[in-house]
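In what follows, a structure is listed as structure tokens, so that the remarks can point back to it.
The values are calculated or read from the model by the stated rules, or taken from the named source; none is laboratory data. On a predicted model such as this, the values are computed, not experimentally measured, just so you know. Because the Cβ atoms are built from the backbone with ideal geometry, glycine has one as well, and the counts that use them run over all protein chains shown. Areas reflect the complete protein model, heavy atoms only, side chains present, ligands, DNA and RNA absent. Shrake-Rupley method; radii C 1.70, N 1.55, O 1.52, S 1.80 Å.
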Amino acid sequence: MNRTNKVLLIYTGGTIGMGRNPRTGALEPLDFNHLVDNVPEFRLIPTEVDTYQFTPAIDSSDMTPHFWAQLVRTVSSRYHDYDGFVILHGTDTMAYTASALSFMFENLTKPIILTGSQLPIGQLRTDGKENLMTSIELASAHHADGTPVVPEVCIYFSGHLLRGNRSTKQNADEFNAFDSFNYPHLCEAGVNFTFHEHHILKPNFSHPMVPHTALDSNVIIFSLFPGIEEHLIHHVLDAPELRSIVMRSFGSGNAPQKPWLMKILKEASYRGVVVVNISQCISGQVEMNRYDTGYQLKDAGVISGYDSTVEAAVTKLMYLQALYSDPNIIRKYMNRSIAGEITR
């Protein structure tokens, strides 16, 4: 591959680039140049780094499919100018963005590394500098033949490189904010980089990357719990615009054995709503053949989400719904891995 020895750094917002408002004491986004000024180490990076800033910066709680499409357009219009891309992003919705981008970049052949920090980069004990510097190094890491080492959408945080669509924010306070509970880390960044090559996606470098910007977000997530009320679920599932449901079930994919619940789910599936079963457990996978309660869900037309994260399931549905009107085609693709998001 032709290398440019350049990385594009995209700042969307988030804690890493924030400063403290002297009047209120609250953290608020600063100009991106402030962030660069706080990192003199930038001058030591052997790779050339260009920057692009979302204006205004976005609190990650306000992240939407509109901004995901903007990110796709930003990267795809500059795709051949850079060896890799680093996206600075708030941590709260980073796993959703990483999951969405993994589907929106079909046959991705370059690294897209999302990172951020738990403390602003100007603060003494910030984790931002290490996360930023290492992400830039990872985005430019390549084999002897010029192909990138990690040609996929990843999250880098606190020494670990994770597949983006396997990642979940696990801690609001500690520096080790993310993990991928159902998939091994792609790289450990200690004194040296230890890449786990057999876990990294291998795209077809002779084929072009195909960007997708359309998403259909007529999907809801709901969690089962003891005492769940029929009339409330009825109102949710009766919405005519609803195209899919990510249902967070118990254990290995179980639900209360209530006839009304099975009836509602069966009716929703019959009218073309795709119902995907995801475990509420932080690791493990849905196996609807294990218990009778799982069998009943299968009979009601509910499909397994296997070991998918909620973030990956909901963004994959948005992506597929924009491509296909037939719910059976969507169900088929939900049952197979298209970007390494489930173990199949």
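Quick notes on this structure:
- Between L261, L297, L88, the GNM of the chain built on Cα springs shorter than 10 angstrom shows L261 fluctuating the most.
- Report summary: the helix-based calculation at 222 nm, which adds -39500 (n - 2.57) for every DSSP H run with n ≥ 4 and divides by the residues of the chain, gives -8000 deg cm²/dmol.
- Estimated FRET transfer efficiency when R0 is 25 angstrom, pair I329-K258 (beta carbons, to 0.05): 0.25
- Paramagnetic reach from F222 (point 7 Å along Cα→Cβ, amide N under 19 Å) across the range 288-319: 294, 296-305, 310-311, 313-315, 317-318
- Geometric extent, Cα atoms of the chain - Rg, Dmax (angstrom): 20.9, 65
- Taking the DSSP beta bridges with both ends in the chain, the antiparallel portion is around 35 percent.
- Rough spin-label spacing in nm, given labels placed 7 Å along Cα→Cβ, for K129 and D292: 6.2 nm
- Applying the criteria of a DSSP loop state and at most 16 other Cβ atoms within 10 Å to the trypsin sites (Lys or Arg not before Pro) of the range 201-310 yields R271, R290.
- Solvent-accessible surface (1.4 Å probe) assigned to I338 amounts to roughly 70 Å².
- Sorting 9-17, 161-169, 321-329 by their mean Cβ neighbour count within 10 Å, with the most densely packed peptide first, gives 161-169, 9-17, 321-329.
- Calculated FRET value between N2 and Q170, using beta carbons and R₀ = 35 Å, to 0.05: 0.35
- With a 1.4 Å probe rolled over the protein heavy atoms of all chains, the accessible area of T4, T24 falls in the order T24, T4, largest first.
- Bridgeable lysines around K258 (alpha carbons under 19 Å apart, same-chain partners fewer than 8 residues away excluded): K266, K298.
- Just so you know, the Rg over Rh for the range 135-277 is 1.10, from Cα atoms, with Rh as the Kirkwood radius.
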